[in-house]
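Before I ask anything, here is the structure I am working with.
Every number here is computed from the coordinates shown, using simple stated rules; none is lab data. The structure displayed is predicted, hence computed values, not measured ones. Every residue, glycine among them, receives a Cβ derived from its backbone with ideal geometry; neighbour counts consider all protein chains shown.
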Amino acid sequence: MHPIRRQRLLLVLFIVLFSSAAVGLITYALRGNINLFFPPAQVAEGKAPVGKPIRVGGMVVEGSVQRSSDSLEIAFQLTDYKAQVDVVFEGILPDLFGEGQGAVASGLLGADGVLKASEVLAKHDENYMPPEVAEALKQSGFDHKGKPQ
Amino acid sequence: MIPELGHFALIIALGLTILLSIIPMWGAWRRNVTAMALAPGLALGILCFVSIAYVCLTWAFVNDDFSVKVVAANSNSLLPLMYKFSALWGNHEGSLLLWALILALWTAAVATFSRGLPLLMLARVLSVMGAVGVGFLSFSLLTSNPFARLLPGTPADGSDLNPLLQDPGLIIHPPLLYMGYVGFSVAFAFAIAALLGGRLDAAWARWSRPWTNIAWAFLTLGIMLGSWWAYYELGWGGWWFWDPVENASFMPWLAGTALVHSLAATEKRGLFKSWTVLLAIFAFSLSLLGTFLVRSGVLTSVHAFATDPARGLYILVFLALVVGGSLTLYALRAPAVSSRVHFEWVSRESLLLFNNVVFLVATLTVLFGTLFPLIMDALGQGKVSVGPPYFNAVFVPLMALLAPVMGFGPVSRWKRDKTARWFAELALPAAAALLCAITLPLLNAPYNVWVALAVMLAAWLVFGLARDVWQRVRSGSHLAAGLRRLTPSYLGMLLAHLGFAACIVGVVATSQYALEHDLKMQPGDAKVVAGYEFRFVELVPVRGPNFVADEARFEVYRDGALISRLAPQKRRYLASGQVMTEAAIDAGLFRDLFVAMGEPVGEQGAWAMRLHYKPMIRWMWLGAILMAVGAFTTVLDRRYRRQRQTATAEQPGLAHGV
C-alpha cells in the first residue's frame, strides 16, 4: 500500500477506535446520570419511578415550609395546583427559594411518596421561571398564582 | 437625545458592515485593488460608530436615564458608579452591544496590525468579519434594540442590577469572555479567506496563529473568572457546575485548544491544513452556539435571561447560515488545500494529532451532554437533565489520557523520532514523577490515590519540561546565551503546559480533599474543620450603599492562634428586595477557608452555616492564568514581526492569490 494511504488508514482506524471508546464511555456515563422531570400531578398518579433519581418542579405551597429547630432539615410541598408532592431536604436552600415561588427539587422518590431531595433549585431572578415549572403549570392548566388559565 | 444618537450610530455601523461584507469581497473576486483597499478604512469606521453607540448607552446608565428601557430594568440611582458601567452588559440588549463593540475592535485590530498581509487576503478576512458583524448588528437592531425608550411611563427609579452581578469579578468576566468568543471570528475569517483563495500554507498559519492564540488566552481568562466568580459569589463554594452556559464557553475553548495545536503543525510542517480550517470553523460555530444557548433561554441556567422566541430563532438561523455556509465552502474547496506531507508515527506530528483527537472528542462529549436534554425534549421523551456525574465520567478520563502523552510533546522531534530517544530523555523525569507521587501526598494529608495520580501526572509534565529546557539551555556556550535561545513561542508553550499541570493538581486536590460542613450555629458556637477552629463570635446588622445585611462575624483559630476574621453576609437589596449570600473567604496558596450564611434556624439567633475547607483551589485559577500568559507570550515571537516586514517588502502581494 502507498505509505500515505496506509497512514490514512491507520488514522481512520485510530479515530474509529477512539471514538467508539468515547461513545462507550458516554453511554456508561449517561446510564443513571440523566434524571427525568415529573410534574407533581404525575408523581401523585404514581407515574414516577421509586428509588431512581428524578426531578420534580412546581410552586412551593404557601405555609408548607417547615424547618426543624435542631438540624438543617426542611420539609415543604411542591404543587402544580392539581396535586402536591412532599419534599424533604437537608442543607441550605438557595437564596431565591420561597413560598409561592417556583422551585425544582431533584432526588429520590421514596415508597411513601416523599421526595428526598439532594438538590433544590430556585429561579435566579424575578422575571425568570425554570422552564420545567412553566411546562408543568402549562400541563396542569393553572398559572403561577394558581388561577385556572 | 443622546440615546437616539447612539441608535443612529448603530444603524450607520450596520450600513458600514454591509458595505464591508460586500465591497472588498467583490474587489477580491474582480481583483479590483481600489475596492479591496477600502476594507481597512471601513473596519475603522465601524469601530468608530459602534463606539459612539456604546458610549451613548454608557452615558444613559451613568446619568440614570430611566426613560431608556434597558437602564430602567438594570440600573438604579443608588447603584455604585462602577456597576453602572458594568450594568450595561448585565442584560441581553447591552451585552449584545458589547459583543458588537468587541467584534468591531477585533476587526479594526486586524485592519491595523495586518498591513503586511497581502491585500487580497486582508480584504477577504475583513469582509468575512464584516459579514459576521452584519449578523450581530442586525440582531441587535431588529430584535433587541438597546436604545428602546419607555415613553411615556418613565419610572422614577430603576429596578436595579441583579445583585448577583454587582461584583468586581463580573465587571471583567463578560468582556474577557467576549474577547475570546469573538476573537475566534478572526481565526474563522482567516480560514474562510484561505478557502476562498485556495491558499493555505505555512505563511497563512503564521498570520492566523497569533490571533488565535490571543483569542484563546482571553477565553481562558474569561472562563477562569467565571469559575472564580461562581465560587465566591453564588455562595455554594462550587467552582464548576457543568451548567449549560459554562459548557457553552468551554466548548469553544476545547475546540480552540485543538486549533492552537493543529496550527502549530500547519505552520511548522504544512500538515493538517484542511483539518485546521475545519477546527477554526468549529471553534467559531461553537461560540455562536454558545450565544444561542445563552440568549434563547432554551436551557435552565444561571445565565438565562428572560426568553424571547424571536431572538432564539434569529440566532438559530444565523448559526445555520454560518455553519452551513462555511461547511459547504469547506466541502467545495478543502480538496484544493489539503496537504501531502509524510510523517512517521513516532513524531511530534502524531502527538499533536493525539492532542487534537482528545480535545475534539472532549468537545463532542460536552456538546452531546449539553444538547441531550434539548434532543430528548424535541423527540418527546420528556424533560431530562444531564448532571455533572456524566460530564465528570467522560471528561476526567479523557484528560487523564491526555496528560501522559502530553509529557512527550516538548522533547519530541518533528517528522521522525525514536521511542528509544524519548525513553532516554524522559526516564529521569518519569522516575522523579513517580517519587513525587509516592512522597508528596504524605507530607500534609492522608494518602489519596487520585491525588497521588494527579501529582504524578503534573510532575511528569513539569519534569519533562524542565528536562527539555535544560537540554536547550545547555547547548548554548554559557547559561545566558542558552537562555536567550529560548524563543517567546517556546516560553509560551512552557508556561501554558505548566499551567495545565497546576490545573490538574488544583482540580484533583480540591475535589478530593475539600471538606464541606453545613450546620446550625449560633453566636458563641465553634466548629473544627480540618484543624481550623471556626468561632461564630456575633451577628450584627450592617448597611451598604444599596442593601441591608446580617453579618456573621467569625474568628478562625489554628492551634490556638487567631489566623483570620471572616464576615459573611446575608444581604437584602433595597430596590429589588432580592436576597443574596455574600461568602467570606480566607484565600491562600495551599488552602481556602470559606464561610457562607444559609438562613436563620430556630428561635435563638441561630443560622444555617456553610463551612468549607478547600485545599489547593487557587492552583486551578493560577494554572488558567499561566495558560493565558503563555498564549500571550507566544505572540511576542520575532517570526511574527519579521514576516510582517518581509511581507511588506513584496506589496501589494496580489501575486499570492489563486
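So if a site counts as exposed when it's one of the trypsin sites (Lys or Arg not before Pro), its DSSP state isn't H, G, I, E or B, and it has at most 12 other Cβ atoms within 10 Å, what's the longest stretch of chain A without one?
Longest run free of exposed loop sites: A:48-144.
Please list, in order along segment B:483-488, the HN-Hα scalar couplings obtained from phi with the Karplus expression 6.51 cos²θ - 1.76 cosθ + 1.60 (θ = phi - 60°), rounded to whole Hz, x for Gly and Pro.
5, 5, 5, 6, 7, x
Also, quick follow-up: What's the exposure ranking of B:H612, B:H478, going from fewest to most Cβ atoms within 10 Å?
B:H478, B:H612
Run lengths n ≥ 4 of DSSP H only: what is the helix-derived mean residue ellipticity at 222 nm for the protein assembly as shown, with -39500 (n - 2.57) per run over all residues, to the nearest 500?
-20000 deg cm²/dmol
So, one more: Using Cα-only point scatterers and the Debye equation, what is log10 of I(q)/I(0) for chain A at each q in 0.17 Å⁻¹, rounded to two decimals?
Scattering profile of chain A, log10 relative to I(0): -0.92.
Considering only DSSP beta bridges with both partners in the protein assembly as shown, what is the antiparallel share in %, to the nearest 5?
About 90 percent, rounded to the nearest 5.
B:E599's amide H: which non-local residues (gap 5+, or another chain) put their own amide H closer than 5 Å, with H modeled 1.01 Å from N in plane and none for Pro or chain starts?
B:A608
Each residue of segment B:238-254 in order: what ³J(HN,Hα) in whole Hz does its phi give by Karplus 6.51 cos²θ - 1.76 cosθ + 1.60, θ = phi - 60°, with x for Gly and Pro?
My calculation for segment B:238-254 gives x, 10, 7, 10, 6, 5, x, 7, 4, 4, 4, 7, 7, 5, x, 5, 4 Hz in order.
Got a sec to turn the phi values of segment B:35-41 into Karplus ³J(HN,Hα) couplings, 6.51 cos²θ - 1.76 cosθ + 1.60 with θ = phi - 60°, whole Hz, x for Gly and Pro?
Running phi through 6.51 cos²θ - 1.76 cosθ + 1.60 with θ = phi - 60° gives 5, 5, 5, 6, 3, x, x Hz.
List the lysines whose Cα lies under 23 Å from the Cα of B:K527, skipping any in the same chain that are fewer than 8 positions away.
B:K570, B:K614
A further question on this structure: List the lysines whose Cα lies under 19 Å from the Cα of A:K52, skipping any in the same chain that are fewer than 8 positions away.
Within the straight-line cut-off, A:K52 pairs with A:K116, B:K383.
Assuming 0.692 mPa s and 37 °C, estimate D for chain B with Stokes-Einstein, Rh taken as the Kirkwood radius over Cα pairs, in µm²/s.
It comes out at roughly 122 µm²/s.
Further, regarding this structure: By how many degrees, between 0 and 90 and to the nearest 10, does the Cα long axis of helix A:131-140 differ from the longest principal axis of chain A?
60 degrees
While we're on this one: Can you compute log10 of I(q)/I(0) for the protein assembly as shown with the Debye formula, treating each Cα as one identical point scatterer, at q = 0.05, 0.06, 0.10 Å⁻¹?
Each listed q maps to, in turn, -0.29, -0.42, -1.19.
Still on this structure, please answer the following. Run the reach check for B:K418 against lysines, Cα to Cα strictly under 22 Å, same-chain hits fewer than 8 apart removed. What comes back?
Partners within reach: B:K268.
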